[in-house]
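Here the structure is laid out as structure tokens; the discussion comes afterwards.
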Amino acid sequence: MNNLLKDKNILIMGVANKWSIAWAIAKAFHEAGARLAFTYQGERSYEHVKKLTQNIKGSILIPCDVTKDDDIKNTFEQLKEEFKTLDGVIHSIAHARKEELEGLYINTSREGYLMAQDISAYSLVSVTKHAKPLMTEGGSIVALTYLGGERVVKNYNVMGVAKAALEASVKYLAADLGRENIRINAISAGPIKTLAAKGIRNFNTMLKEFEEKAPIGRLVKTEEVANTALFLCSFLSSGITGEVIHVDGGYNILGY
Ligand SMILES: NC(=O)c1ccc[n+]([C@@H]2O[C@H](COP(=O)([O-])OP(=O)(O)OC[C@H]3O[C@@H](n4cnc5c(N)ncnc54)[C@H](O)[C@@H]3O)[C@@H](O)[C@H]2O)c1
């Protein structure tokens, strides 16, 4: 145990199964001494989260569909009861309809656009608003994003536009809450094989191209993303807010 998060109360949102980036973050935070609460969406995720967390003593499990205001409200009411105060939130949530993650962006439907924005970007705003009153000692909120929010990435389409909104929200929220000692940052992770990633057409080709081109010459590991999240939720990053930190082996610096 490195004690970086000793006695810190952290909410992890977005564990679907053992491949989830949020799960790697949860493991790193547990090892660093944090007390953890998890939100999950749907029965299937509940079964996975329950099983995964059985060895993490004192874990709190709360259902939360971020499209529902009442779910978000209830999550933080429950956290207030259990934790009293909150030190960190990991927002590792995104969703778009599979049919919008292929072909041309121009074909995005209004419904698909709104759904991707609601789940993947607006949710951070609402979660931050509800987390704020519990972060009486300051806090750190970390969202997960991807290069497709900055540049055009084939098939990423509507999710790229949602990530752009998420990254802009990180900056606006950071400006809103900096004086309350609440920091908000994002990690832009390289492509990792997870349930959400499977929805992107030709994701395996993306992985191969990444491996060939990335300066580090390999894929990024979820543990590497988790370590950066740990840094962002610890005192080590106390001067950093409103940033998007790339954990992508240098892929984003390339012009070819
Ligand atoms: N896998 C990658 O290549 C990659 C790269 C960069 C960024 N990211 C981002 O990382 C985050 C986590 O994704 P992941 O790759 O670990 O996949 P994942 O499928 O394991 O996690 C996505 C999570 O979003 C949750 N979710 C979807 N709709 C929801 C809703 N309405 N309410 C509450 N939760 C909802 C799912 O239940 C799931 O737990 C996402 O923001 C994703 O865009 C992923």
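The conditions are (1) among the polar types (S, T, N, Q); (2) on the phi > 0 side of the Ramachandran plot; (3) crowded, with 18+ Cβ neighbours inside 10 Å, and N181 fails exactly one of them. Which is it?
The number of the failed condition is (3).
Within region 7-21, is there a residue that is in a helix (DSSP H, G or I) and under 20 Å from A189 (Cβ atoms)?
Taking every residue of region 7-21 in turn, at least one turns out to be in a helix (DSSP H, G or I) and under 20 Å from A189 (Cβ atoms).
Within region 169-210, how many residues turn out to be under 20 Å from D248 (Cα atoms) and part of a helix (DSSP H, G or I)?
13
Tell me, please, whether a residue that is under 26 Å from R110 (Cβ atoms), modelled with pLDDT of 95 or more and more than 13 Å from the ligand (Cβ to nearest atom) can be found in region 129-138.
Yes, that holds for at least one residue.
Which count do you get for residues in region 23-78 that are out of contact with any Leu (no Cβ under 7 Å at 6 or more places or on another chain), surrounded by 15 or more Cβ atoms within 10 Å (Cβ to Cβ) and of a type in the set (G, A, S)?
Total meeting the criteria: 2.
Of these, K8, K57, which one is away from the ligand (no atom under 16 Å from the Cβ), modelled with pLDDT of 95 or more and of a type in the set (K, R)?
From the options K8, K57, the qualifying one is K8.
Please indicate, with yes or no, whether at least one residue in region 211-223 is part of a helix (DSSP H, G or I), surrounded by 20 or more Cβ atoms within 10 Å (Cβ to Cβ) and out of contact with any strand residue (DSSP E or B) (no Cβ under 6 Å at 6 or more places or on another chain).
Within region 211-223, one or more residues are part of a helix (DSSP H, G or I), surrounded by 20 or more Cβ atoms within 10 Å (Cβ to Cβ) and out of contact with any strand residue (DSSP E or B) (no Cβ under 6 Å at 6 or more places or on another chain).
Of the conditions (1) more than 13 Å from the ligand (Cβ to nearest atom); (2) under 15 Å from the mean Cα position of the chain (by Cα); (3) not in a strand (DSSP E or B), A37 satisfies every one except a single condition; which number is it?
The failed condition is (3).
Scan region 4-44 for residues that are without any contact (Cβ under 8 Å) to a residue 24 or more places away in the chain and within 19 Å of S237 (Cβ to Cβ) and report the count.
0
The values are calculated or read from the model by the stated rules, or taken from the named source; none is laboratory data. Nothing here was measured: the structure is a model prediction, and the numbers come from that model. Note that each Cβ is placed from the backbone with ideal geometry, even for glycine, and that neighbours are counted across all protein chains shown.
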